[in-house]
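Remarks on the structure that follows.
Nothing in this text is a laboratory measurement; each read-out follows from the coordinates by a stated rule. Quick caveat, the model's predicted, so the values are computed rather than measured. Heads up, the Cβs are rebuilt from the backbone with ideal geometry, glycines too, and the neighbour counts pull from every protein chain shown.
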Amino acid sequence: MGTVPFAPARDFADSPFPVTPILNAAQARWHDSYPQGIPPAIDYTPRRVEQLLTAAAERYPDRVAIRYFRTSHTYRDLLDRIRQTAGALRELGISTGDRVMLVLPNAPEFIISWFALHWLGAEAVPANPLMSGSELAGLARKCNIQAVLGLDVRMKPVAEMAREVPLKAVIITSLAPHLPPAYQLPYLLQRLRCGRHVTSMAARKLRFEELAGLGHPATQPQLDDPTLPAVLQPTGGTTGTPKVAVLSNENLCANVAQLHVWSGLEPGRETFLSVLPFFHVYGATCAMLSPLVGGSTLILQARFHPKRTLKLMDKYQPGIALLVPFMIASLNDEMRKRGKALQGLRLCMSGASAMSGEVGREFEHLTGATIIEGFGLSEASPVTHSNPSDGSARIGSIGLPLPNTDVRLVDLETGTREVRPGEIGEMTIKGPQIMQGYLDDPEETAVALRNGWLFTGDLATVSKEGYFEIVDRKKDMIITGGLNVYPTEVEELIKQHPSVQTCAVVGVPDRKYGELVCAWIVPAAGCSPVIEDLKSFCREKLSGYKVPREFRMCDALPENFLGKVRRIDLRKRAA
């Protein structure tokens, strides 16, 4: 489909990324169709992430980079801590190409360790702190990790992993130094209960604060090669066995540059709410790396909690928040309960899953902020699309491709024929943010990357104006009697029934039809949905083959940490 031109109305003189109005061949195809004018072409130099942080520290040494409970770090202090930690990791034997797992929530230690690893040319392997020991061990073996940083109150799964995987060191971090007095005693009691898991590990064990006295600070980054891997990002957890996307320094730097140019961030002046988990690339790129590159102040929260998040936003009044739809809906509920709106929020960026127009409009009404929806995936570092922040956003759309990003919709059968505007096709993407491939998995890499294009597995349409809209996942599409059923279409209708709080639609195997449509229903409070009523409701608006043959009730839908429904779990239960 080509790249959609878009040049935000702002002066790029202070941007960390040079911007020049040059049309490339793909952009030229669209140029005459759009009023925005010539698109910005981005020079995303430097191309290593530690260089981006160093440049920000040189420009804004005294600006606060991180606020976390009682702790705050200026950019000068943050850079000093990163250099010291890099020197200590080098003393522990961590060097270029080594892989270190970060099993941490959002905290200063995550940021410091993440950049310190890149300073040495090592590779970060982020992992959800709520993963089990067997899950961590599987990821550790796949990535051949050398060391791990874990949280003292979540040592049991780390210890289980360490018994199966040989490690150079286990570095134990703690939130205790940051917490206010009221939180100290419960946290320390929890740490005591986890202490026995620490002593059971055979690997060398150090507390994070001990790193300050270990070795000399690393003065200069070890490497200058932008193509080397920076992050090994686990992905695919909602659809099957997780794969590991290899993201290079250049991939991450390019995506940060694209976000800065597109969003019109003001260098050295922004304050971000950073509650998205950094162990996922959405949080790492959008809520950590991108703000830090621009000299912003990050307001960290280890885990999303609506009431605590609102208190934090009341106190620091961040201008920008990176959220996902279930967080936005939860904040709406909390604001309604307390009868008080937020102050200071200017822009909210939403991704990970589709957001209903009703939820978005209520949030904008209660806060005065503008919500822009976007789209991304781990394999793209992660952002590929976003609605503009100039008031031309379209509800229900993921927006336009970012600068330097080409997008095509291709037919589902061959993947070679480009479909026309309005037709459904698989979205394929080409750009500097696209991954190098899947770790040690040439077969899956060959399926996903073809002639430089990333085949996303997402089914979408594009309007004549170039705005994209996701229809469904290719893997989630149900084929019943040879006919295609898109679960999202059926779900959106069922959710309108007054007895339904939410639902998810999946396909279940059937000998005659191949698959049957099955709807999992979470009843609305105080309601007991009648299956025949639900079927009649669906028949009024849907073709007969799209109407679910089965309706199953459940208390809650299985979701991952970003609020995405795990359809694979529902398919297994239904089968």
Quiz item: All other residues with a Cβ under 9 Å from the Cβ of Pro221 taken together, and with Lys, Arg as +1 and Asp, Glu as -1, what is their net charge?
Solution: -1
Self-check item: Ser134 versus Arg539: modelled label distance in nm, points set 7 Å from Cα along the beta carbon direction
Solution: 4.5
Practice problem: Enter the Cα centre distance for the pair segment 292-333 and segment 488-566, rounded to the nearest angstrom. | Solution: 32
Self-check item: Built amide H within the under 5 Å cut-off of Lys205, gap 5+
Solution: Val170
Exercise. Count charges around Thr297 for me, please; just the other residues with Cβ under 11 Å from its Cβ, Lys/Arg as +1, Asp/Glu as -1.
Key: +2
Quiz item: In straight Cα distance, which lysines are under 24 Å from Lys464, not counting same-chain residues fewer than 8 positions off?
Solution: Lys430, Lys474
Exercise. Sort all Cα-Cα distances of segment 267-362 into consecutive 10 angstrom bins from zero, then give the percent of pairs in each bin up to the one containing the longest distance.
Key: 16, 52, 29, 3
Exercise. Please list the non-local residues whose amide H lies under 5 Å from the amide H of Arg473, H modeled 1.01 Å from N, same-chain partners needing a gap of 5 or more.
Key: Leu459
Exercise. Determine which lysines satisfy two conditions relative to Lys340: a Cα distance under 17 Å, and not lying fewer than 8 residues away in the same chain.
Key: Lys307, Lys311, Lys315
Quiz prompt | Packing rank of 115-122, 83-90, where each peptide gets the mean count of other beta carbons within 10 Å, highest leading | solution = 115-122, 83-90
Quiz item: What is the extension gain from Ile531 to Lys475, computed as 0.36 nm multiplied by their sequence separation minus the C-alpha to C-alpha distance, in nm to one decimal?
Solution: 17.5 nm
Quiz item: Residue by residue, what Karplus-based ³J(HN,Hα) values in Hz, rounded to whole numbers, does segment 391-398 have, using 6.51, -1.76 and 1.60 with θ = phi - 60° and x for Gly and Pro?
Solution: x, 9, 5, 10, 5, x, 9, 8
Quiz prompt | Environment charge of Leu439, counting only residues whose C-beta is closer than 15 Å and scoring Lys/Arg +1, Asp/Glu -1 | solution = -3
Self-check item: Against the rule of thumb 2.2 N^0.38 Å, how large the Cα Rg of segment 478-574 comes out
Solution: 1.02
Exercise. Binning at 10 Å from 0, report for segment 196-332 what percent of all alpha-carbon pair distances ends up in each bin.
Key: 9, 27, 34, 24, 5, 0
Quiz item: If you take all C-alpha pairs in segment 190-239, what percent of them are over 18 Å apart?
Solution: 68
Exercise. Quick one: which residues, 5 or more positions from Gln501 or on another chain, have an amide H under 5 Å from its amide H? H modelled 1.01 Å from N in the peptide plane, none for Pro or chain starts.
Key: Val522, Ala524
Practice problem: Only helical DSSP H runs with n ≥ 4 go in: add -39500 (n - 2.57) per run for the chain, normalise by residue count and round the 222 nm mean residue ellipticity to 500 deg cm²/dmol. | Solution: -9500 deg cm²/dmol
Self-check item: Proximal lysines to Lys168, defined as alpha-carbon separation beneath 27 angstrom and excluding residues fewer than eight positions away on the same chain
Solution: Lys142, Lys156, Lys205, Lys243
Practice problem: Let me know the shape class of segment 75-223, please: from the alpha-carbon gyration tensor, a ≥ b ≥ c as square roots of the eigenvalues, rounded when a/c is under 1.5, otherwise prolate if a/b is greater than b/c, or oblate. | Solution: oblate
Quiz item: In whole Hz, what ³J(HN,Hα) sequence does segment 548-563 give by Karplus (6.51, -1.76, 1.60; θ = phi - 60°), x for Gly and Pro?
Solution: x, 7, 10, 10, 10, 8, 8, 6, 7, 8, x, 10, 8, 5, 9, x
Practice problem: Taking 7 Å along the Cα-to-C-beta vector as the label spot, tell me the Lys205-Lys337 distance in nanometres, rounded to one decimal. | Solution: 3.8
Practice problem: Evaluate the distance, in nm, between pseudo-label points positioned 7 Å from the Cα of Glu413 and of Lys512 along their respective Cα→Cβ axes. | Solution: 2.8
Self-check item: Gap separating the Cα centres of segment 399-460 and segment 81-140, nearest whole Å
Solution: 31
